[in-house]
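Participant: The following block contains the structure, expressed as structure tokens.
The numbers here are math on the coordinates, done by the rules we state, and not lab data. Every value quoted in this text rests on a predicted model; they were computed, and no experiment measured them. Don't worry about glycine lacking a Cβ; one is built from the backbone with ideal geometry, like all the others, and counts go over all protein chains shown.
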Amino acid sequence: MTVQTLTTHSDLLSALGVEPVNNGAYCGEWLSTNGPEVISIDPSTGNEIARVKTATSEDYERVVSVSVEAFHEWRTWPAPRRGEIVRLVADELRKHKDELGRLVTLEMGKILSEGLGEVQEMIDMADFSVGLSRQLYGLSMHSERAKHRMYEQWHPLGPVGIISAFNFPVAVWAWNAFVAAVCGDSNIWKPSEKTPLTAVAVTRIAGRVLKENSAPPIFNLLIGDRHQVGEPMTQDKRIPLISATGSTGMGRAVGQTVAQRIGRSLLELGGNNAIVVMDDADLDLTLRAVLFGAVGTAGQRCTSTRRLFLQKGIAAEMKESLISAYSSISIGDPMDPSILMGPLVDQRAVDDMMAALDTIREQGGRVVCGGHAKTDRDGFFVEPTLVEATPDMPITCDETFAPILYLFEFDTLDEAIERHNAVPQGLSSAIFTLNMRSAERFLSVAGSDCGIANVNIGTSGAEIGGAFGGEKETGGGREAGSDSWKAYMRRQTCTLNYGEELPLAQGVEFKV
Ligand code: NAD
């Protein structure tokens, strides 16, 4: 690393209040934690950026009990006033968008345009939540009994536990934290140990806004691994909802533990997303969407395109265009605006990709482009990789969190849909076609089985206005827009009798 970039990095960190060694527990104040340090690594160099001292069990207790107390006060604030606080957090995020976006890029390795986009997503979520704070509507029903009124209302739940993954180090927090906040919940964030600094920086901003506006400490933080923080949170009855984003293996463990105590979990897990390309597709549009979906974020999005189904008439042409486009993808420093693909998050991710490629070859897959780690520089860089695959290769049913795209050929749309749905995951899906019947067939009840289904748009890059999430082993949770807020509240059905009689429902008689 050059002296020039060191200076730039330390300026960036100090602009966001990130120290060389930070405390990893916050509940209205930074606790003087002394758990083992986690080291945040710049994946584009392998160099240390800064450290965080993880939370001890005493810190855990303190943060959870403060979050419970904060909830008791916060829930009494009118929802639009809660929205006003979220609006003020959004103002601060706007002021710090550039530094925060750079820190996301520095710590996670996504290219700067995506780092900035992720902070924009937080701001969009805050704006959405401000509007939502005036729209937490319940229905009213007509009672079957005379002089009775029936309606439902929504109350907050309590402290929400937010477990997040490394690949969206700040946006996933915002999806949960801002919606939960306007609903009247406090929250406790357990970020990925791979991206602790972005969590420290965001918590500093949100905590400052709460303090300046005499709001209770609702945005709290616990940094530590699954043993120190993750598992205690999932077992803790004081935390009625655990919103967990990460691998399917993690979700299976979290879901079981939370179910054991009859708590609620909201699971956002792995995907194995596919695009179906019909002979009549606009191939220029398709190519751009496939490249962003498969190569963007170095294949480290839950919505990354991992499987491409090509109808026979265009398969050869598309493959040729893809090989040519893949060979010209600029790989390197994600801060450099001319770069399209940054590094993977760590050496383990590189090793996992190389191991997956060995398995692919063993199972009969043919690597037609890429397939190697880049050893000509420091950092965790790999080549984006295209593989000619067959549906009987078991590995194509797994999510390998790296830029590997499987290419399949098909004859009919029915065949493509059947193969498209034949994986355990069900997050995002797309079809490229100019034929209205094919598009509607893909979106129909017998079409894509995913939580997200697009036409002439790739699998990644969802807008916040829709409910985000997937089916099957993706976990079934929905976050962000639409009516996802209902997961963060409890529904109460209320019936009022303003008459002099006590009629029973269903005409039951009980005369005493
Ligand atoms: P991961 O599963 O390794 O870790 C995610 C988080 O869970 C981390 O904070 C980790 O410490 C915690 N964790 C792990 N095991 C736990 C346990 N038993 N109890 C409690 N907490 C536990 O995932 P990752 O490598 O950080 O992220 C990549 C994965 O996340 C991919 O599978 C990707 O598809 C998925 N993801 C899904 C979505 C979505 O919305 N569906 C979004 C982003 C990422």
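Participant: With labels modelled as points extended 7 Å from the Cα through the Cβ direction, what inter-label distance (nm, one decimal) is found for ARG437 paired with ALA259?
Facilitator: Here the answer is 4.2 nm between the modelled labels.
Participant: May I pose another question? Once you have all Cα-Cα distances for the stretch 114-214, histogram them in 5 Å bins from zero and send the whole-percent values.
Facilitator: 2, 11, 17, 21, 16, 10, 7, 5, 4, 3, 2, 1, 0
Participant: Any idea which of SER448, SER438, VAL295 is furthest toward the positive side of the dipole for the chain, if Lys and Arg beta-carbons carry +1 and Asp and Glu beta-carbons -1?
Facilitator: SER448
Participant: How large is the Rg to Rh ratio of the stretch 220-345 when both quantities use alpha carbon positions and Rh follows Kirkwood?
Facilitator: Using Cα coordinates only, the ratio equals 1.14.
Participant: With the cut-off at 1.5 for a/c, could you classify the stretch 151-289 from its C-alpha gyration tensor as rounded, prolate or oblate?
Facilitator: prolate
Participant: Right, here's the next one. Order the peptides 25-32, 382-389, 443-450 from the highest to the lowest mean number of other Cβ atoms within 10 Å of their residues. All intermediate terms of the calculation are to be shown ahead of the outcome.
Facilitator: Details: 25-32: 20.0, 382-389: 22.4, 443-450: 16.1.
The densest-packed peptide leads the list: 382-389, 25-32, 443-450.
Participant: So, one more: Magnitude of the Cβ-charge dipole of the stretch 1-137, K/R +1 and D/E -1, about the Cα centre, nearest 20 debye?
Facilitator: 400 debye
Participant: Over the chain, what is the percentage of antiparallel beta bridges among all DSSP beta bridges, to the nearest 5?
Facilitator: In the chain, approximately 40 percent of DSSP beta bridges are antiparallel ones.
Participant: So what is Rg over Rh here for the chain, counting just Cα atoms and using Kirkwood for Rh?
Facilitator: When Rh is taken as the Kirkwood radius, the ratio is 1.01.
Participant: Here is a further query. Residue separation times 0.36 nm, minus the C-alpha to C-alpha distance between LYS486 and GLU48: what's the value?
Facilitator: Here the answer is 153.6 nm.
Participant: Using the basic label-point model (7 angstrom from Cα toward the beta carbon), what is the GLU231 to ASP376 distance in nanometres?
Facilitator: 4.5 nm
Participant: Here is a further query. Just to be sure I understand: if I project the alpha-carbon convex hull of the stretch 4-269 onto a plane and average over all orientations, what area do I get in nm²?
Facilitator: For the Cα atoms of the stretch 4-269, the hull's average projected area reads 15.3 nm².
Participant: For the chain, what is the mean residue ellipticity at 222 nm derived from helices alone (per DSSP H run of n ≥ 4: -39500 (n - 2.57); sum divided by total residues; nearest 500 deg cm²/dmol)?
Facilitator: -12000 deg cm²/dmol
Participant: Separate question: Using a 10 Å cut-off on Cβ atoms, rank the peptides 309-319, 198-208 from the highest mean neighbour count down. It would help to have the intermediate numbers written out before the result.
Facilitator: Values: 309-319: 17.6, 198-208: 23.5.
The peptides rank, most packed first, as 198-208, 309-319.
Participant: So what's the stretch 35-161 giving for Rg/Rh, alpha carbon basis, Kirkwood Rh from the mean inverse pair distance?
Facilitator: Here the Rg-to-Rh quotient is 1.14.
Participant: Let me ask something else about it. So if I place +1 on the C-beta of Lys and Arg and -1 on the C-beta of Asp and Glu, and nothing else carries charge, what would the dipole magnitude of the chain be about its Cα centre? I want it in debye, nearest 20. Each step should come with its number before you reach the end.
Facilitator: Values: 47 positive and 66 negative charges, 331 e Å.
Around 1580 debye, computed over the chain.
Participant: Report the extension gain between ASP284 and SER444 in nm, rounded to one decimal, defined as 0.36 nm multiplied by the number of residues separating them, less their alpha carbon distance. Please list the in-between numbers first.
Facilitator: On the way: separation 160, 0.36 × 160 = 57.60 nm, distance 2.58 nm.
Taking 0.36 nm per residue and subtracting the Cα distance, the gain is 55.0 nm.
Participant: Once the Cβ-Cβ distance between SER330 and THR76 is put in as r, and R0 is 60 Å, what FRET efficiency do you end up with, to the nearest 0.05? Let's see the in-between values first.
Facilitator: Working: r = 54 Å, r/R0 = 0.89.
The pair SER330/THR76 has a calculated efficiency of 0.65.
Participant: May I ask for the percentage of alpha-carbon pairs in the stretch 273-462 that lie more than 25 Å from each other?
Facilitator: 30 percent
Participant: Which is farthest toward the positive dipole end of the chain among THR195, THR234, HIS155, measuring Cα position about the Cα centre, with Cβ charges +1 (Lys, Arg) and -1 (Asp, Glu)?
Facilitator: Going by the charge dipole, the pick is HIS155.
Participant: Now, a different point. Report the calculated FRET efficiency for THR493 and ARG252 (r = Cβ-Cβ distance, R0 = 30 Å), to the nearest 0.05.
Facilitator: So, using R0 = 30 Å, E works out to roughly 0.35.
Participant: Let me ask something additional. Give a quick list of GluC sites (Glu not before Pro) in the stretch 417-475 that DSSP marks as loop, anything other than H, G, I, E or B, with at most 11 other Cβ atoms within 10 Å.
Facilitator: Loop-located and lightly packed - GLU463.
Participant: In nm, to one decimal, how far is the TRP30 label point from the GLN347 one, both placed 7 Å along Cα→Cβ?
Facilitator: Output for this residue pair reads 3.0 nm.
Participant: Gain in length, ASP11 to ARG149, computed as 0.36 nm per residue apart minus the alpha-carbon separation, to one decimal in nm?
Facilitator: Gain in length upon complete extension: 43.6 nm.
Participant: Between the stretch 450-464 and the stretch 252-267, what's the alpha-carbon centroid distance in Å?
Facilitator: If you average the Cα positions of each part, the centres end up 27 Å apart.
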